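Written below as C-alpha cells is the structure these notes are about.
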Amino acid sequence: MQRYIPVLKKTKLFAGVGDAELVSMLSCLDARLRTYQKGEYVLRQGRHLHDVTVLADGSLHIQKDDYWGNRSILGRVAAGEIFGEAYIAPESGPLPHDVVAVESSAVLFFDFGRVITTCPSACPFHTLVVQNLFFAISEKNRKLVQKLEHMSRRSTREKLLSYLSEEARRCGSARFAIPFNRQQLADFLSVDRSAMSNELCRMRDEGLLRFEKNIFELL
C-alpha cells in the first residue's frame, strides 16, 4: 500500500500531509486496497457507501444504464481523485449509479467514520483531512455544474462546442486530448454516436477544428 503514498500526497484529500504522517494515517483511517481489472465494477448501483474512496491507479467511469441498456457516462475518475463522497452521509440513500474500471485500477477505501472523527492518537493532520474533504466535495460540485452547462445546450453541435471549449481552457491549449473514445463521448454528452460523428466531420470541414482519435485542435 505504501507504493501509493506519492499518489495520495497529490490528492485533494491529503493535501498538506507529510510522508510520515500519511503512513500513520493509513492505519488510523482503516485504509484498504483493492484492485480491479478492466470492465469490473468497483461500486454497484443500490449499494450503501460507508467509505471515502480514492483511485490510486488507473481510471474509472461513473455510469448509469437504463432499463433498455442505454448508457450515460456521468463522469470520469482519474488517479488521485476521490469518488462517491456525495453518498456517504447517513441520509444520502443508496448509490444511484455504477462505477466501472476503464483499465486495470487500484482503489483505496477509508472508513468514513474514522475520517470525520478525531482518532485516539490525536493525529495533528486529521483536522486538515476533514477540511480537504470539504474542499474536494466543493470541487466536484463545480465540475457537475460544468457538465450541466454542456447538457443544457440544445443541439449536438452546441454540446460538442461547449465541452471542447471547456477542455481547451482546462488544458490551456487549443490542442488537447480528451479522456473518451467516440462512444464514451456520446454517452457523456447524451447524444447519438452517429449523429455526433457526423457533426464532428461537418465542423472539421467548416474549419472549426481538427481531430484524430481523441486528439482535438480548435481552430
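Here are a few things to note about the model shown:
- Scope region 143-194; condition among the β-branched types (Val, Ile, Thr) and either in contact with a His (Cβ under 9 Å, 6 or more places away or on another chain) or under 22 Å from residue 65 (Cα atoms) (or both); matching residues: 145, 156, 191
- Exclusive hit being surrounded by fewer than 17 Cβ atoms within 10 Å (Cβ to Cβ) and of a type in the set (Lys, Arg), set 157, 170: 170
- Yes/no for residue 50 being over 27 Å from residue 184 (Cβ atoms) and in contact with a helix residue (DSSP H, G or I) (Cβ under 7 Å, 6 or more places away or on another chain): yes
- Contact annotation: residue pairs with Cβ atoms under 6 Å, 6 or more positions apart or on different chains, pairing a residue in region 122-137 that is at negative phi with a partner that is of a type outside the set (Gly, Ala, Ser) and at pLDDT below 75, are 126/118.
- Checked against the criteria, residue 140 counts as at pLDDT below 85, part of a helix (DSSP H, G or I) and either of a type in the set (Phe, Trp, Tyr) or surrounded by 15 or more Cβ atoms within 10 Å (Cβ to Cβ) (or both).
- One residue from 134, 110 being in the same structural domain as residue 22 (by TED's automatic domain parsing), of a type in the set (Phe, Trp, Tyr) and assigned to a strand (DSSP E or B): 110
- Within region 20-44, the set of residues being among the β-branched types (Val, Ile, Thr) and modelled with pLDDT under 95 comprises just one member, 23.
The values are calculated or read from the model by the stated rules, or taken from the named source; none is laboratory data. Remember, predicted model here, so these are calculated numbers, not experimental data. Cβ atoms come from the backbone with ideal geometry, glycine included; neighbour counts cover every protein chain shown.
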